[in-house]
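Report on the structure given below.
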Amino acid sequence: MQQRPDVIIVGAGFAGMYGLHRFRKQGLKVQVLEAGSDVGGTWYWNRYPGARCDVPSLEYSFGFSEELEQDWDWPEVFSAQPDILRYANHIADRFDLRGDIQFDTRVTAVTYVDEQNLWRLTTEAGEVFEARYCVMATGCLSVPNKPKLPGGESFAGLELHTGLWPKETVDLAGKRVGVIGTGSSGVQAIPELAKQAAELYVFQRSPVYTVPANRKLMRDSVQQSFKDSYRKIRDMQQHNAGGVSNFRPSDGVKQTTPTTAYRPDRNNIMALTPEQRRQRIASRGLNELLNFRDVYTDPVANEIANELFREGVRYLVHDPDTAAALSPTDYGLGCKRQVLDRDYYDTFNRDNVTLVDLQATPLESVTATGIQTSAQEYELDVLIYATGFDAMTGALLKANIRGREGQTLNDKWRYGPVAYLGLQMQGFPNLFTVTGPGSPSVLCNMLVAIEQHIDWIGDCITFLKQNDIETIEPTQQAESDWIAHVNDVAEGTMYTTPSCNSWYLGANIPGKPRIFMPYVGGYPRYRERCEAVVENGYEGFTLSAQTQETVA
Ligand code: NA7
């Protein structure tokens, strides 16, 4: 019989991969279970044309190995999906990870066995795995959302989802293609699809605020400058709200890191005259609107920026009706995750691209041959759902997790996710989540957030073993205090205004409780809290050995 692992990790994306490496290094036996056929997680599944990361690659990379930092070269400032997947594969090879990962293995149940104090995981194929510790590294954007549309199953052509894109090349030449959804995935895919398809119909429910992405190739001098400064950069990341250093290469090397929502400077749009505002946008582009601090806090400043943005769209899109339909009017900048694009608006100037405004002509049904709106039927050969994900909680709820005395996570979270530090849930001893709800997670550079969580979990397991502690789980009080704090800091931001309906709030999934899920208080503040919890002897957690001891 095989030796039972100390830890089972579910998921072999960046979190699962680093978890495996880190826990193995501290002497633990680790088993990773992964539904896909290879490593990469989000970057394994999201292969749609145009997919790329919205964080600069030199920052969206691991800091745990100096050799890895020095050896790896990024070809572009913001890498495309194939390069990020290549990086994931390099890590798997370099650290010899694949031997401890079982691929093509979907976990269907995660059950705590009270009498034995262990976690029993069952797979779709009926296999059973057991371990003392279980780490859910299941990703924040890993359960694709396919909305239930009338006639949704009747389409007879090729149906695709951006989040489950096939490995084989999809030939769209000569095809009539429809895409539903204009979030980051749709906005990235649409310009590429337009180049390939004969006709492209974009079915838009909500227009999006999107600004041009940095599309520069990586310059050797910039890459070298980062490599020379990586220790300083990693430290800067630890002190930045979004886990991004915003490091600028030394004088003489042209700056390549773009200004993004991660680094709004201290300018206020209200301090400028209308003429000065237009001059700033004329010289620096629409991205400049993201750099005004008051745009994120003051509704009047926000609406000024929104209107300037709409003015920009009218300038970029030739047809006035299309420009109007592409301009958001019922929510403001800063409510949703900022989208970055490459030629999005210009794509609507092409002859083969049609915007279908679903607010003006609602979608009535999907038919065998296309999409029927209140105005007409659009005949399609290919229908692409770019409709996002059941974010942050989807994968955890789908895993059928049962804790102490059979309590289900789905029941515990029926009014929204409740967890302490986004790391653990009361009633689910020795089960950890990586970048879970209530942690900075998707508001932070994910690789920085992942390293911090995995290191915390790894150190915690060492502490438990060294002190003969059988179980760790948060107290109910610590959990509810933390959630109250998570809600407090989100209150009053653009993220939670009543007009905002984002996936951060679960608003994209019918019936999902409206709760702002990530921690908006900033990564450094969160990290310091995690460190203080440990310094205070795992404050807020119940540690149980032979006798139960609670650190209040
Ligand atoms: P998003 O950002 O959730 O966008 C999904 C899009 O799909 C959005 O435009 C939705 O419109 C649209 N949608 C969803 N359901 C429907 C229905 N029923 N009918 C019409 N349109 C619909 O997902 P993405 O994959 O683009 O991006 C997710 C994250 O991945 C992104 O933020 C980055 O962090 C990476 P809506 O706005 O809800 O009206």
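Annotations for the structure displayed:
- Note that region 74-169 shows a convex hull volume over its alpha carbon atoms of 202 Å³ per residue.
- For the chain, the fraction of alpha-carbon pairs in successive 20 Å shells from zero, as %: 21, 54, 24, 1
- Accessible area per residue in Å² at 1.4 Å probe, computed on region 493-539: 43
- Calculated FRET value between residue 411 and residue 368, using beta carbons and R₀ = 35 Å, to 0.05: 0.30
- Carbon and sulfur %, accessible surface of the chain computed with the full protein complex present, 1.4 Å: 48
- Between 0 and 90°, nearest 10: helix 274-284 axis offset from the chain longest Cα axis: 70
- Residues residue 354 and residue 545, FRET efficiency given R0 of 51 Å [Cβ-Cβ distance, rounded to 0.05]: 0.15
- Alpha-carbon Rg/Rh ratio, for region 135-237, with Rh computed the Kirkwood way: 1.09
- All aspartates and glutamates inside 20 Å of residue 398 as judged from Cα atoms, apart from same-chain residues fewer than 8 positions distant: 34, 104, 124, 127, 130, 390, 411
- Against the chain, whose longest principal axis is taken from its Cα atoms, helix 446-466 shows a tilt of about 10°.
- Accessible surface computed residue by residue for region 86-178, with neighbouring protein chains in place and a 1.4 Å probe, gives 48 Å² per residue.
- Normalised contact order of region 294-441, rounded percent, pairs of Cα under 8 Å and 6 or more residues apart: 11
- No disulfide-compatible partner, judged by a Cβ distance under 4.7 Å, exists for the following cysteines of the chain: 53, 134, 140, 444, 460, 530.
- Computed FRET value (nearest 0.05) for residue 379 with residue 205, which takes r as the C-beta separation and R₀ as 25 Å: 0.75
- Cα gyration tensor shape for region 417-550, rounded if a/c is under 1.5, else prolate or oblate: prolate
- A simple rule links phi to the HN-Hα coupling: the Karplus curve 6.51 cos²θ - 1.76 cosθ + 1.60 with θ = phi - 60°, which for region 357-367 gives 7, 6, 6, 7, 10, x, 6, 8, 6, 8, 10 Hz, with x for Gly and Pro.
- Distant-in-sequence amide contacts of residue 401, defined by a placed amide H-H separation under 5 Å and a gap of 5 or more residues or a different chain, comprise 110, 409, 410.
- Counting heavy atoms of the protein chains alone, residue 176 has an accessible area of about 80 Å² for a 1.4 Å probe.
- For region 12-113, the alpha-carbon radius of gyration amounts to 1.13 times the rule-of-thumb value 2.2 N^0.38 Å expected for a compact globular protein.
- For a label point 7 Å along the Cα-to-beta-carbon line of residue 67, residues of region 226-246 with backbone N under 20 Å: 227-231
- Region 167-177 - phi-based ³J(HN,Hα) in whole Hz, Karplus 6.51/-1.76/1.60, Gly and Pro as x: 6, 6, 5, 9, 8, 9, 4, x, 9, 8, 10
- Secondary structure note: in the chain, about 45% of the DSSP beta bridges are antiparallel.
- Cα gyration tensor of region 457-507 - equivalent ellipsoid semi-axes, whole Å, descending: 35, 12, 9
- Rg and Dmax [Cα atoms of region 371-424; Å; Rg one decimal, Dmax integer]: 18.8, 55
- Gain on full extension, evaluated as 0.36 nm per residue between residue 25 and residue 227 minus their Cα-Cα distance, stands at 70.3 nm.
- Structural descriptor for the chain: relative contact order 19 percent, calculated from alpha carbon pairs under 8 angstrom and at least 6 residues apart.
- Residues listed by number, region 14-57, amide nitrogen under 17 Å from residue 455 label point at 7 Å toward C-beta: 15-26
- Taken per residue, the accessible surface of region 315-455 reaches 35 Å², heavy atoms only and a 1.4 Å probe.
- For a straight C-alpha distance cut-off of 19 angstrom, the aspartates and glutamates reachable from residue 25 (same-chain residues fewer than eight places away being disregarded) are 6, 66, 67, 69, 93, 96, 100, 451, 455, 459.
- Per-residue HN-Hα couplings for region 349-355 [Karplus 6.51, -1.76, 1.60; θ = phi - 60°; Hz; x = Gly/Pro]: 8, 6, 5, 8, 10, 10, 8
The values are calculated or read from the model by the stated rules, or taken from the named source; none is laboratory data. Everything quoted here is computed from the prediction, not taken from an experiment. Glycine also receives a Cβ, built like all others from the backbone with ideal geometry; neighbour counts cover every protein chain displayed. Side chains are part of the model used for accessible areas, which takes the heavy atoms of the whole protein and leaves out ligands, DNA and RNA. Shrake-Rupley method; radii C 1.70, N 1.55, O 1.52, S 1.80 Å.
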